[in-house]
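Here the structure comes first, spelled out in C-alpha cells, and everything after it is commentary.
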C-alpha cells in the first residue's frame, strides 16, 4: 500500500508538472516568436521552413522604427498617460478606500456594494456618454481625456480597502491619542503600511493603461497625441507587409511593463496576498 501511495504521488506530481510546462510553453511561444521576427530581415521572415532562431539576427528593425518613425513620440505619450493614471488611481483609490475600511457612517456597506457593482458594467456600454462628457469638458485629444474615465476604479478601491482592514486598530487609536486627525493618520500611518498593495495596484493600472487601445483610439485624433498601442495600429497601416518592423515596435511596447513588474514583483506578491487576510 505504501509503495502504491508513493507511485500515485509521483504520477500526480509528474502530471501537474507536465501541465504547467505545457501551459508555460503555450504562453511564452508567441512572445519568443515575436522577438525572433523582430530580429530577422525582411527576406527571412517567411522563410521555409520557419525558424524560431534567426539565421542572421539584426537590430536594424529597431533602429528603423526608432529613427524613421514616430515611435519615440508614441512611447513618451504612453508613459505620460500611464504614469498619470497610476498617480491618480493610487491617490483617489486610497482616499476612497480608507473611510470604507476604517470609519463608521450610515450606508457604508451599501456604498461599498454599489462601488463593487460597477465592476460588472462593461466600459463599452457607457463609452458613448463618457465620450460626450469628455467632449463637453474640452478634453478630447488630451492625456487627461484618456486618463480621467479610469482615474479611480472599483478594483483599486477594493484592493486598498482590504489592505487597510488588515492594519491593527491600536495604531490608529494611538495616533488619535497623540492628536492626529484623519488626514494625518491616512497619510503618515496608513498609506506607508500598505505599500505592497499600492505597488500591486500600480502594476495593474500601468499595464492596463499602457495596453489600452479602445478608449485612446476614440479620444485621440491627432497622430502627435497617439499612445503606443494606437500608434502601432497606425504604424501597421503604413507598413502592411513589413512584419519585422511591426514586430520590433510590438517588442518595444512590451518592455516597460516587464521592467515595471520585475522592479516591483516582491511588493506585487505581498500585495496580492494581503487581500485574503481579512474581509
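Here are a few things to note about the model shown:
- Among 199-212, 13-26, the order from most to least packed when residues are scored by Cβ within 10 Å on average: 199-212, 13-26
- An oblate overall shape is assigned to region 113-164, the ratio a/c of its alpha-carbon gyration tensor axes (a ≥ b ≥ c) being 1.5 or greater and a/b not exceeding b/c.
- Kirkwood Rh and Cα Rg combined as Rg over Rh, evaluated for the chain: 1.07
- Cα gyration tensor category, rounded, prolate or oblate, for region 2-58 with a/c compared to 1.5: prolate
- For region 70-274: relative contact order, % (alpha-carbon pairs under 8 angstrom, 6 or more apart): 35
- Residues 229, 58, sorted so that the one with the fewest Cβ neighbours within 10 Å comes first: 58, 229
- Degrees separating the helix 71-102 axis from the principal Cα axis of the chain, which is the longest one: 20
- Stokes-Einstein diffusion of region 1-124 at 37 °C, 0.692 mPa s viscosity, Kirkwood radius from Cα pairs, rounded to a whole number: 155 µm²/s.
- Here the extension length gained between residue 47 and residue 114 equals 18.6 nm, from 0.36 nm per residue of separation less the Cα-Cα distance.
- Neighbour-count ranking [beta-carbon atoms within 10 angstrom, fewest first] of 251, 80: 80, 251
- Residue order, fewest to most surrounding Cβ atoms within 10 angstrom, among 63, 104, 73: 104, 63, 73
- Seen against the Cα atoms of the chain and their longest principal axis, helix 108-117 is set at about 10 degrees.
Bear in mind these aren't lab numbers, they're just calculated from the coordinates by the rules spelled out. None of the values given here were measured: they were computed from a predicted structure. Cβ sites come from the backbone with ideal geometry, for glycine too, and all protein chains shown count toward neighbours.
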